[in-house]
Amino acid sequence: LKSTENTEKKHVNIGTIGHVDHGKTTLSSAITKYLSEKGLAKYTTYEDIDRAPEEIKRGITINASHIDYSTETRHYAHTDCPGHADYIKNMICGTSQLDGVVLVVAGTDGQMPQTREHLLLARQLGINHVVVYINKADLVDDEVLELVELEIRELLVDFGFDGNSAPIIWGSALLALKGNTSHYGEESIKRLLNALDSYIPVPTRNLSAPFLLPVESALTVPGRGTVIIGTLTQGVVNKGDAAELTGCDVLIKTIISDLQIFKKSYTQCFAGDHLGALVRNVRPETVFRGMVLSKPGAVKMHNHFKARMYLLSKGEGGRSRAIKSCYIQQLFSRTWNAVCRIDVCDSGMILPGDEGVVILTLQKKMIMMPGQQFTIRENNVTVATGIVTELLP
Ligand code: GDP
Ligand code: MG
């Protein structure tokens, strides 16, 4: 059984994270084995997952395996990466936002440096739901598992996750993979899948948030005025609503006097709709890509942002030399681009093929949100890609 595109099952994106050798790939394979016996997945062997295909995303080589499986209620796309660097790259540069993660911690080791680094990154990327699998339960006593669980709950709280209510499952991925049906064998996979189904929420179109429409284009309808075109990313908008058009250092107050989809007029539109909004008192030449039409006060322009940025290696088509602070280039995001200064935090330098924390300073104030991706290009060649983690004053 492959895709469940035609069924009613909800789709959720997840991935394993955790320190090297803690059992992420073994667990991923064990999940598919367990579900294959129920006809809900195709069994993918450890070797097939670990032999991750090289993917090229925006000129960046990422090694990642994508497996998919179903539970009784959901369809999961699940990502497992072979190495630490691939996790970082996949999380910063990958295209599909994870709805939740499975943190794998070996009971023999407890938390390790990559456990903490992956959690930090998950936090920065806005991932809110972590399910923990304490692995290698076949090798240690239950008292040790208990201590590891306490330590991990504390760690989750330290990183801003809900460490008190996050599900923590004890098990042995290796026993499960070998078909052992004991409590720590296949039964632990069953408990893990139940935890995923109940704890990680299905992503929804956010209808309760204030409406937001990033500008794709604008046109003039003779006799009527300016129409702003784009896809409503969140919220509900009504004909007659007050709105603000912000970005590129300007803020224009307006009223939405009509809403149209495929030339048909509507009184109300919802997140996900691609629409045209007729706006009062806005001249078309004042509307640019990069601006956002929103409920008044819903968003604020900034020109300082904190971000995690990956610098492409020479082999990936990137620079041959490192970047240091005061690096000035064009930043591209969504539908717009702008001049940007990049300052490197911590070590003060990023080498090609490496990543780090940076401060972005835009020449003009724009709307950027945590989780928004961007690329940096030199002479039309992509040299870096990243994700906004924080808005700075
Ligand atoms: P990854 O680097 O996190 O993907 O870890 P792997 O899945 O490759 O596992 C690393 C090593 O730990 C392999 O030799 C596995 O066979 C072993 N391993 C994984 N899970 C268990 C387990 O539950 N018990 C034992 N004893 N070994 C395990
Ligand atoms: Mg692995």
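The values are calculated or read from the model by the stated rules, or taken from the named source; none is laboratory data. What you see is a predicted model; the values in this text were computed from it and never measured. Heads up, the Cβs are rebuilt from the backbone with ideal geometry, glycines too, and the neighbour counts pull from every protein chain shown. Ligands, DNA and RNA are stripped out before the accessible areas are found, and what is left, the full protein with its side chains, is counted by its heavy atoms. Shrake-Rupley method; radii C 1.70, N 1.55, O 1.52, S 1.80 Å.
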*Under 6 Å by Cβ, and 6 or more places apart or on different chains, what pairs join a residue from the stretch 193-206 that is under 18 Å from Val236 (Cβ atoms) with one that is of a type in the set (S, T, N, Q)?*
Asn206/Gln234
*Tell me, yes or no, whether the stretch 166-182 has at least one residue that is away from ligand 1 (no atom under 16 Å from the Cβ) and open to solvent by less than 10 Å² (accessible area, probe 1.4 Å).*
yes
*asked:* Restricting to the stretch 206-251, and then to whatever is among the small types (Gly, Ala, Ser) and under 16 Å from Gly297 (Cα atoms), can you tell me which residue is most open to solvent (accessible area, probe 1.4 Å)?
replied: Ser208
*With the condition kept exactly as written, say whether any residue in the stretch 53-76 is in contact with a His (Cβ under 8 Å, 6 or more places away or on another chain) and within 16 Å of ligand 1 (Cβ to nearest atom).*
yes
*Name every residue in the stretch 312-322 that is over 18 Å from Glu55 (Cβ atoms) and either open to solvent by 40 Å² or more (accessible area, probe 1.4 Å) or at pLDDT below 95 (or both), in order of residue number.*
Lys314, Arg319, Ser320, Arg321
*asked:* Cβ-Cβ distance below 7 Å, separation of 6 or more or different chains: which pairs start in the stretch 15-28 with a residue that is near ligand 1 (Cβ under 6 Å from one of its atoms) and end on one that is assigned to a loop (DSSP other than H, G, I, E, B)?
replied: His22/Asp109; Gly23/Lys136; Lys24/Gly18
*Kindly establish whether Leu125 is surrounded by fewer than 18 Cβ atoms within 10 Å (Cβ to Cβ), aliphatic (A, V, I, L, M) and at pLDDT below 90.*
no
*Qualifying residues in the stretch 62-89 (those that are within 14 Å of ligand 2 (Cβ to nearest atom) and of a type in the set (S, T, N, Q)) - the one farthest from Asp50 (Cα to Cα)*: Thr79
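With the structure loaded, tell me whether Gly160 is in a loop (DSSP other than H, G, I, E, B), out of contact with any Ser or Thr (no Cβ under 8 Å at 6 or more places or on another chain) and not acidic (Asp, Glu) or whether it fails that test.
Judged against the criteria, Gly160 is a match.
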_Consider the stretch 349-358. How many of its residues are open to solvent by less than 40 Å² (accessible area, probe 1.4 Å) and aliphatic (A, V, I, L, M)?_
3
*Taking only the stretch 79-116 into account, find how many residues are closer than 29 Å to Tyr184 by Cα, away from ligand 1 (no atom under 11 Å from the Cβ), open to solvent by 20 Å² or more (accessible area, probe 1.4 Å) and aliphatic (A, V, I, L, M).*
1
_Selected residue [away from ligand 2 (no atom under 16 Å from the Cβ), open to solvent by 10 Å² or more (accessible area, probe 1.4 Å) and within 24 Å of Ser198 (Cβ to Cβ)] from Leu119, Leu139, Leu150, Leu145_ = Leu150
